[in-house]
């Protein structure tokens, strides 16, 4: 029997043996670090029997699959520990995830974060016992009988969902038996460092129609030092989490009577969005965009023409009943068909193109309640939306112009670090999700690939992530928790111009279909605000702060001077508030620091008499005494230059 190793080397054995013994024959050190193996590309346990020629690779924690197996086994240890402490609990599922694992449980009584320490102690006992982890295979009937006897309703449901004749893999460690396809570590003692980090609610099978379960999140590493480093980073992420920080700073709030995914922007948050919106709209105007303002809803006829009614209906808020109402409306999930109607108002010549339409659009998408998260994923949001209608010759330069605008805006906000690109393509096997025109898909994808390759953009390809009407370039950004979100998209549309009868007269007097670029410039304003809060830990760059400066009175005698200075600074374009409460100045300053105010100006009797102010900077501390003119020059320069430091 011949085993071909990763480096091409071939080793031979005269008889069958386990994968673990094969790893040991290669190197004792490799065997000690082995978590599982790959046999002809398939992950297998170290106990797997090798009995024929194959490609063989030992998997360690350095491999992403190795991390997943290690953490999945830790999830099983968690389930065993919980079952030991809470015998009445019912087990659901417990996969590995990026940087960790979770397990979903159905508890009789509520679990609190204070219980995690007790569960960790039980997990450590199981790990110290170094229980062998043994794999076996049952028939569907045998598995159903076993899990019914165990009283594991969720496992039984999973077994019953399998096709008749299926085999069910189970793993046993001590007296604990778990349904799982594996692979797993050879024993519980292989786990060296772990931590349970949080609790959350999760619907069974992800459906809000099912019961809400308790999800326990955890993480695991080979070395305690690596675990400690990760936990430190996790604490920093929590400190920066926009969902917590944004509420504490009075930027946004939610109200259960209003609903999930419908955040309320408070005065500070609304001001930040106004600043960003004015900035974006002014910049778009400089670049030749024409501003539109279109309705928040339309008859379903419009969405039937565009195809959204057939490909996107489950994400839309429908107003009316098709079977009983003469007219059915829907809140708009995008502005595309509205701006196409504007384009169609009057015949266009090639000399009129490109037409660049832009709109700060309020949009609505019926996201599942379990998907809602702060300002990142919401049901009503504001998008810097836009469409460019152009000739084939204009397509590439217009696309480059869009990317130049996006880069400019990201640089201005200090958000270029951590950005990546994804070339999102259609899935030819998904006939429901996409317009069924393979030739058009291949042509438009080739065009987009050529453009982004010519621009030197590095990207990953993702099949099945395209819009239903065309491929797109997605700009991705990771939040503080490491989760990647799409923040901006640029799409090439091959279908909707024809659907809406859009055309132009070319230089030969012939009617032609234009190309369409769908684009956003700053993305969803709410999501961008969330990223800014996390990026700057709430201390936004001066130019986008809702409050540039706060003037404080040292005594009641200087209140009028404080009010005069507020008027003068506001007139100079420096957004200023005042604090004339009868409180100690140290208290006022500490409160300003907690609110991340960029500049705090103090006026006492001495400053009032001399016509100066005492200035404290959020970043640089005490700046000493300045004239009002000097402070206006200092702050004004940073604001005009959009300094993000």
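The values are calculated or read from the model by the stated rules, or taken from the named source; none is laboratory data. From a predicted model like this one, the values you see are computed outputs, not experimental measurements. Virtual Cβ from ideal backbone geometry, glycine too; neighbours counted across all protein chains shown.
Below are the figures for this structure:
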quantity: Matching residues in segment 17-58 - criterion: being farther than 21 Å from residue 71 by Cβ and in a strand (DSSP E or B); calculated: 17, 18, 39, 49, 50, 54, 55, 56
quantity: Enumerated helices (runs of 4 or more DSSP H) restricted to segment 149-254, each holding at least 2 residues that are under 26 Å from residue 120 (Cα atoms) and in contact with a strand residue (DSSP E or B) (Cβ under 8 Å, 6 or more places away or on another chain); calculated: 153-161, 224-240
quantity: Some residue of segment 387-394 being under 24 Å from residue 485 (Cβ atoms), assigned by TED's automatic domain parsing to the domain that holds residue 502, touching a residue at least 40 places away in the same chain (Cβ under 8 Å) and under 24 Å from the mean Cα position of the chain (by Cα); calculated: no
quantity: Single condition residue 327 does not satisfy, out of (1) more than 26 Å from residue 299 (Cβ to Cβ); (2) touching a helix residue (DSSP H, G or I) at 6+ places or on another chain (Cβ under 9 Å); (3) free of Cβ contacts under 8 Å to residues at least 40 places away in the same chain; calculated: (1)
quantity: Those residues of segment 78-122 which are out of contact with any strand residue (DSSP E or B) (no Cβ under 7 Å at 6 or more places or on another chain) and in a helix (DSSP H, G or I), in sequence order; calculated: 81, 84, 85, 114, 115, 117, 118, 121, 122
quantity: Residues of segment 542-561 classified as assigned to a loop (DSSP other than H, G, I, E, B) and buried (at least 21 other Cβ atoms within 10 Å of the Cβ), total; calculated: 3
quantity: Members of segment 84-93 that are under 33 Å from the mean Cα position of the chain (by Cα) and over 11 Å from residue 152 (Cα atoms); calculated: 93
quantity: Looking only at segment 17-60, and only at residues there that are farther than 28 Å from residue 191 by Cα and surrounded by 12 or more Cβ atoms within 10 Å (Cβ to Cβ), the one that is nearest to the chain's Cα centre (by Cα); calculated: 54
quantity: Subset of segment 333-352 that is crowded, with 20+ Cβ neighbours inside 10 Å and at pLDDT 95 or above - its residue that is nearest to residue 297 (Cα to Cα); calculated: 338
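Each row is one residue, and each column tells you yes or no for (1) farther than 25 Å from residue 287 by Cα; (2) crowded, with 20+ Cβ neighbours inside 10 Å; (3) in contact with a helix residue (DSSP H, G or I) (Cβ under 9 Å, 6 or more places away or on another chain).
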residue	(1), (2), (3)
375	yes, yes, yes
381	no, yes, yes
387	no, yes, yes
425	yes, yes, yes
433	yes, no, yes
438	yes, no, no
